[in-house]
Each structure stands twice: as C-alpha cells, then as structure tokens.
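Everything on this sheet refers to the single structure shown next.
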Amino acid sequence: MVEAYRPQNYKQALELMGEERVVPFAGGTDLMVKSGGLSGCAVELDCPAMFIGHLEELKKVEADENCIRIGAACTYAQILENRSVPGILKTAVLRLATPAIRNAGTIGGNICSASPAGDTLPVLYALDASVVLESVNDTRTLPIREFITGPGETFIKNIELLKEVVIPNKNFDAVFYRKVGTGVVNSLSKVSFTGLAVIEEGAVSGIRVSFGAVGPTVVRSKKIEDHITGKNLLEIKKMVPQLARSYSALIDPLDDQRSTACYRKSVSLRLLEHFLRNVLK
Ligand SMILES: Cc1cc2nc3c(=O)[nH]c(=O)nc-3n(C[C@H](O)[C@H](O)[C@H](O)COP(=O)(O)OP(=O)(O)OC[C@H]3O[C@@H](n4cnc5c(N)ncnc54)[C@H](O)[C@@H]3O)c2cc1C
C-alpha cells in the first residue's frame with residue numbers, strides 16, 4: 001500500500017518536498033501505470049506519493065503581451081478550453097489519448113515523464129518553451145530542450161516541483177503538426193512532426209522544425225534552421241533533398257512494439273518534405 005499526502009496549499013507542498021522524499025503526481029495517468037495500476041508493469045513506489053493536482057498555483061493559465069504561462073497541473077481539457085493557448089499546442093493535445101485521459105492528464109506530467117513519445121514535447125520545443133522549477137528556497141527557469149536530458153530523465157531535483165511552462169508569444173505564417181500513430185485516437189506516437197515558419201516577402205525569416213518519438217529526446221536543430229533562414233521558397237524547395245539528408249543524420253529511432261526504426265525515419269522525412277514543399281507558401 002502506498003502512503004499519500006494531499007497538501008493544503010502550494011507552500012506546504014514545497015515544504016514537504018524539502019523535508020522528505022515524496023513523489024508528486026497530478027493526473028496520475030503515467031505514475032499509476034508505472035507504479036502498478038496495470039498488471040505486468042508494476043514498479044513499487046519506495047516513498048510516499050503527493051497529490052498536487054488541486055493546487056491553485058499549478059492550475060493557472062496567464063497570458064500577457066510577452067508570453068503565456070501554463071500551470072504544470074493544468075489538464076489537457078483545461079488547455080483545450082483556454083483561448084490564449086497557441087493553436088498548435090491544442091492540435092497536439094486533441095490527438096493525445098482520449099477525453100477521459102485528457103480530463104486527468106496534465107502538461108506538467110507529460111513534461112516530467114519525458115517520454116520520447118510525449119506528444120506535447122515536440123510542440124513545446126518548437127515554441128521555444130521554458131520550464132519554471134521551484135523549491136522552498138529557489139526558483140529557476142530552463143529552456144525545455146535543456147530540462148529534458150533523456151528518455152524519462154530531466155534536470156529536476158527531488159526537492160523541486162515543476163511550477164509552469166512558459167511559451168513566448170510569436171505569430172507564424174506556416175503552422176503544421178502531424179502525429180502518426182496506429183489509430184486515430186488513443187494510440188501513442190510512432191512519429192510526430194512540428195513545423196513553424198515566418199515568411200516575409202517570399203522568404204523564410206524564421207523556421208522551427210521538431211520531430212518526436214524518433215530519438216531519446218525531441219530532435220530539433222538550430223544549425224539546420226539557421227541554414228534555411230533567409231532563403232526564398234524556391235531555393236528551399238531545391239534544398240529539400242539536402243535538408244532531408246541533414247535531418248536523417250540526426251533522426252535515430254528505435255524498433256519497438258509500436259513501429260520499426262525504418263518506418264519512423266522514412267515517415268519523418270516525408271513529413272519534413274511535405275512541410276517544406278507544400279505548407280511553406
Ligand atoms: C491510456 C493512456 C493513453 C495515453 N496516451 C498518451 C498519448 O497519446 N500521448 C502522450 O503524450 N501521452 C499519453 N499518455 C501518457 C499520459 O497521459 C501523459 O503523459 C500525461 O500528460 C501525464 O500527466 P499526469 O498528470 O497524469 O502525470 P502523473 O502520472 O501525475 O505524473 C507523471 C510523472 O511526472 C511527475 N510530475 C507530475 N507533475 C509534476 C510536477 N508539477 N512537478 C514535478 N514532477 C511532476 C510525477 O512524479 C511522475 O513521475 C497516455 C496514458 C494513458 C494511461
């Protein structure tokens with residue numbers, strides 16, 4: 001039997017984290033599966049769990065002229081209802097699991113689980129999101145690409161909570177997200193692709209491309225993006241084979257029960273090609 005805490009407020013939650021080892025959880029849709037909710041994949045929790053899904057400070061969505069701040073314990077249902085959340089994040093959330101899971105699962109849980117197939121992650125990488133981590137005595141902010149270090153691994157300390165994710169405001173002229181899974185609903189990603197671009201006078205003045213589920217963490221290359229930036233749309237179309245080769249060298253998928261490495265790589269490059277040839281206009 002697992003002991004569990006339900007702190008009365010956020011301050012108490014942080015204090016508890018500082019005093020003893022506890023595992024925080026919000027929706028529990030990842031943690032319960034890992035800790036024995038499903039037979040055959042049980043990992044015993046060796047310390048108390050702490051429910052944080054009710055804490056007001058973690059459930060806020062606040063937008064100003066610079067950014068939007070989404071509390072870590074915001075559920076997907078809450079994110080879908082909020083008018084300030086970028087459309088591309090909502091598109092990804094709508095393809096994630098089922099309404100029942102979206103009512104319980106949170107963006108903070110998706111980030112902290114750091115699964116290579118976590119569906120919000122490639123979108124958050126492309127949006128240049130940062131995470132705010134808080135302990136009793138400290139608050140620090142890290143770009144999400146630095147926070148996630150490997151499959152299931154992050155830079156969070158065991159005295160810290162993920163408080164919120166911060167997304168800078170930016171408008172894009174080309175926006176493309178695609179998740180490829182076995183079914184239309186309730187299937188984990190075999191591959192996911194996010195493409196965003198700003199186009200001015202027929203040339204790309206900014207571009208962001210990210211791939212999910214094709215490596216230990218999200219694949220995004222600032223170097224390749226800088227190489228594309230400044231080129232006009234005709235030049236970019238001519239560069240597609242070369243760009244596909246550059247990304248191919250970075251995409252390193254696994255064979256697993258959901259798909260093969262070969263399929264994943266070839267679909268990723270097809271999505272890239274579609275974005276560069278047909279979505280950039
Ligand atoms: C049937 C099913 C289908 C699913 N389909 C998808 C899918 O299509 N795509 C997808 O990406 N995921 C999917 N998931 C996984 C899961 O629903 C998501 O990752 C969800 O976002 C997890 O959020 P949660 O609040 O339930 O996390 P929890 O289980 O509460 O926590 C997950 C991990 O994060 C840590 N954590 C949570 N919040 C914090 C915080 N604020 N600070 C510090 N640590 C924290 C916990 O300690 C735990 O290690 C699915 C899960 C199930 C059961």
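Run VAL279 past the list (1) more than 17 Å from GLY181 (Cα to Cα); (2) free of Cβ contacts under 8 Å to residues at least 60 places away in the same chain and report the number of the one that doesn't hold.
Unmet condition: (2).
Determine, yes or no, whether SER268 is within 22 Å of the chain's Cα centre (by Cα), polar (S, T, N, Q), surrounded by 17 or more Cβ atoms within 10 Å (Cβ to Cβ) and outside the structural domain of ALA97 (by TED's automatic domain parsing). Full working, then the answer.
Details: within 22 Å of the chain's Cα centre (by Cα): yes; polar (S, T, N, Q): yes; surrounded by 17 or more Cβ atoms within 10 Å (Cβ to Cβ): yes; outside the structural domain of ALA97 (by TED's automatic domain parsing): yes.
Judged against the criteria, SER268 is a match.
Being outside any loop (DSSP other than H, G, I, E, B) and without any contact (Cβ under 8 Å) to a residue 24 or more places away in the chain is the filter here, so list the residues in region 143-157 that pass it. Show your work before the answer.
Initial filter on region 143-157 (outside any loop (DSSP other than H, G, I, E, B)): 143-150, 153-154.
Passing the criteria: PRO143, GLU146.
State the number of residues belonging to region 159-185 that are modelled with pLDDT under 95 and surrounded by fewer than 14 Cβ atoms within 10 Å (Cβ to Cβ).
Counting residues in region 159-185 that are modelled with pLDDT under 95 and surrounded by fewer than 14 Cβ atoms within 10 Å (Cβ to Cβ) gives 4.
Taking the condition open to solvent by 30 Å² or more (accessible area, probe 1.4 Å) and either modelled with pLDDT under 95 or within 13 Å of the ligand (Cβ to nearest atom) (or both), does GLY202 pass?
Details: open to solvent by 30 Å² or more (accessible area, probe 1.4 Å): yes; either modelled with pLDDT under 95 or within 13 Å of the ligand (Cβ to nearest atom) (or both): yes.
Taking the combined requirement at face value, the residue satisfies it.
Just a yes or no: is a residue in region 246-253 open to solvent by 50 Å² or more (accessible area, probe 1.4 Å) and modelled with pLDDT under 95? It would help to see each step written out before you state the result.
From region 246-253, those open to solvent by 50 Å² or more (accessible area, probe 1.4 Å) are 249-250, 252; that's our starting set.
Imposing the further condition that a residue be modelled with pLDDT under 95 reduces the set to 252.
Yes: one or more hits.
Would you say VAL123 is in a strand (DSSP E or B), in contact with a Leu (Cβ under 7 Å, 6 or more places away or on another chain) and closer than 19 Å to ARG220 by Cβ? It would help to see each step written out before you state the result.
Details: in a strand (DSSP E or B): no; in contact with a Leu (Cβ under 7 Å, 6 or more places away or on another chain): yes; closer than 19 Å to ARG220 by Cβ: yes.
No; evaluated as a whole, the condition is false for this residue.
Filter region 118-142 down to the residues that are small (Gly, Ala, Ser) and either within 7 Å of the ligand (Cβ to nearest atom) or open to solvent by less than 20 Å² (accessible area, probe 1.4 Å) (or both), then identify the one that is nearest to the chain's Cα centre (by Cα).
GLY118
Among the residues of region 1-59, which ones are among the polar types (S, T, N, Q) and either within 12 Å of the ligand (Cβ to nearest atom) or modelled with pLDDT under 95 (or both)? Steps first, answer last, please.
Initial filter on region 1-59 (among the polar types (S, T, N, Q)): 8-9, 12, 29, 35, 39.
THR29, SER35, SER39 - these are the residues of region 1-59 that are among the polar types (S, T, N, Q) and either within 12 Å of the ligand (Cβ to nearest atom) or modelled with pLDDT under 95 (or both).
Based on this model, can you work out whether GLY230 counts as modelled with pLDDT of 95 or more, more than 22 Å from ASP30 (Cα to Cα) and open to solvent by less than 40 Å² (accessible area, probe 1.4 Å)?
Details: modelled with pLDDT of 95 or more: yes; more than 22 Å from ASP30 (Cα to Cα): yes; open to solvent by less than 40 Å² (accessible area, probe 1.4 Å): no.
Considered against the rule, which asks whether it is modelled with pLDDT of 95 or more, more than 22 Å from ASP30 (Cα to Cα) and open to solvent by less than 40 Å² (accessible area, probe 1.4 Å), GLY230 comes out as no.
Given the conditions (1) under 14 Å from the mean Cα position of the chain (by Cα); (2) closer than 16 Å to GLY215 by Cα; (3) buried (at least 21 other Cβ atoms within 10 Å of the Cβ), which single one is not true for LYS190?
(1)
Within region 231-240, is there a residue that is part of a loop (DSSP other than H, G, I, E, B) and within 22 Å of the chain's Cα centre (by Cα)? Reasoning before the result, please.
Within region 231-240, the first condition is being part of a loop (DSSP other than H, G, I, E, B), and the residues that meet it are 231.
Now narrow it down to the ones that are within 22 Å of the chain's Cα centre (by Cα): none.
No, region 231-240 contains no residue that is part of a loop (DSSP other than H, G, I, E, B) and within 22 Å of the chain's Cα centre (by Cα).
Which of the residues spanning region 97-116 are within 6 Å of the ligand (Cβ to nearest atom) and modelled with pLDDT under 95?
Correct list: ALA97 only.
If I go through region 159-218 residue by residue, how many of them are outside any loop (DSSP other than H, G, I, E, B) and not polar (S, T, N, Q)?
Pass one, region 159-218, residues outside any loop (DSSP other than H, G, I, E, B): 161-168, 174-180, 191-200, 203-212.
Checking which are not polar (S, T, N, Q) leaves us with 161-168, 174-180, 191, 193, 195-200, 203-204, 206-209, 211-212.
Number of matching residues: 31.
The values are calculated or read from the model by the stated rules, or taken from the named source; none is laboratory data. Because the structure is a prediction, the values reported are computed rather than measured. For neighbour counting, all protein chains shown are included, and Cβ atoms are generated from backbone atoms with ideal geometry for every residue, glycine included. When the accessible area is computed, the model is the full protein with side chains, heavy atoms only, and any ligands, DNA or RNA have been set aside. Shrake-Rupley method; radii C 1.70, N 1.55, O 1.52, S 1.80 Å.
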